[in-house]
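Novice: Please find one structure pasted underneath; my questions will follow.
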Amino acid sequence: MANGDITKEIQYDKIEVLTASIGIRKATAIMEENADGSKTELSRNFHRHVLNPFNSVKAGNGTWTHTATDISGEAASVQAIANAAWTDAVKAAYKAMREAQEQ
């Protein structure tokens, strides 16, 4: 980089596991390089989203379909946490919780 160059830096600065849900905060910072090689942050914004292990849908006949959440588009750090947090026991509890909510 040279003095005055502008770059965009993306950081996953918060990943929180709340039982089965995973809250993710992605920070995007716009940086400018100074003459001394240091960087000055010009702006920062955040994007938040929540992941659950399944998308659960109840059909009209009362049966449930639990489709696993596709995490392939998430950052490697998010995927690693989801794979560690979403054990078989957590997934079973999540399904049971969703079905109990819709009775």
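Bear in mind that the values in this text are calculations on the coordinates, not laboratory data. Only a predicted model underlies this, so the values are computations on that prediction, with no experimental measurement involved. Positions of Cβ are generated from backbone atoms using ideal geometry, with glycine treated the same way; all protein chains shown enter the neighbour counts.
Novice: May I ask you to list the residues in the stretch 33-42 that are part of a loop (DSSP other than H, G, I, E, B) and of a type outside the set (A, V, I, L, M)?
Specialist: Those that are part of a loop (DSSP other than H, G, I, E, B) and of a type outside the set (A, V, I, L, M): Asn34, Asp36, Gly37, Ser38.
Novice: So which residues in the stretch 69-103 are charged (D, E, K, R) and within 28 Å of Lys26 (Cα to Cα)?
Specialist: Asp70, Glu74, Asp88, Lys91, Lys95, Arg98, listed by residue number.
Novice: While we're here: Taking the stretch 26-42 on its own, how many of its residues are surrounded by 11 or more Cβ atoms within 10 Å (Cβ to Cβ) and among the charged types (D, E, K, R)?
Specialist: Total meeting the criteria: 4.
Novice: Let me ask something additional. Can you tell me which of Asn55, Asn61, Asn45 is exposed (fewer than 10 other Cβ atoms within 10 Å of the Cβ), part of a strand (DSSP E or B) and over 13 Å from the mean Cα position of the chain (by Cα)?
Specialist: Asn45
Novice: Would you please list the contacts, defined by Cβ atoms under 6 Å and residues six or more apart or on different chains, that run from a residue in the stretch 61-72 that is touching a residue at least 12 places away in the same chain (Cβ under 8 Å) to a residue that is small (Gly, Ala, Ser) and not in a strand (DSSP E or B)?
Specialist: Filtered contacts from the stretch 61-72: Ile71/Ala82.
Novice: Another one. Working carefully through the options Ile15, Ile30, find the one that is on the phi < 0 side of the Ramachandran plot and in contact with an Asp or Glu (Cβ under 9 Å, 6 or more places away or on another chain).
Specialist: Ile30
Novice: Can you tell me which residue is farthest from Gly73 (Cα to Cα) among those in the stretch 7-25 that are in contact (Cβ under 8 Å) with a residue 40 or more places away in the chain and assigned to a strand (DSSP E or B)?
Specialist: Across the stretch 7-25, the extreme among qualifying residues is Val17.
Novice: Within the stretch 68-103, track down each residue that is assigned to a loop (DSSP other than H, G, I, E, B), surrounded by 10 or more Cβ atoms within 10 Å (Cβ to Cβ) and among the polar types (S, T, N, Q).
Specialist: Thr69, Thr87
Novice: What are the residues in the stretch 5-42 that are of a type in the set (S, T, N, Q) and over 13 Å from the mean Cα position of the chain (by Cα), if any?
Specialist: Matches in the stretch 5-42: Thr7, Thr19, Thr28, Asn34, Ser38, Thr40.
Novice: Scan the stretch 33-56 and tell me whether some residue there is in contact with a Phe, Trp or Tyr (Cβ under 6 Å, 6 or more places away or on another chain), in contact (Cβ under 8 Å) with a residue 40 or more places away in the chain and under 15 Å from Ile81 (Cα atoms).
Specialist: yes
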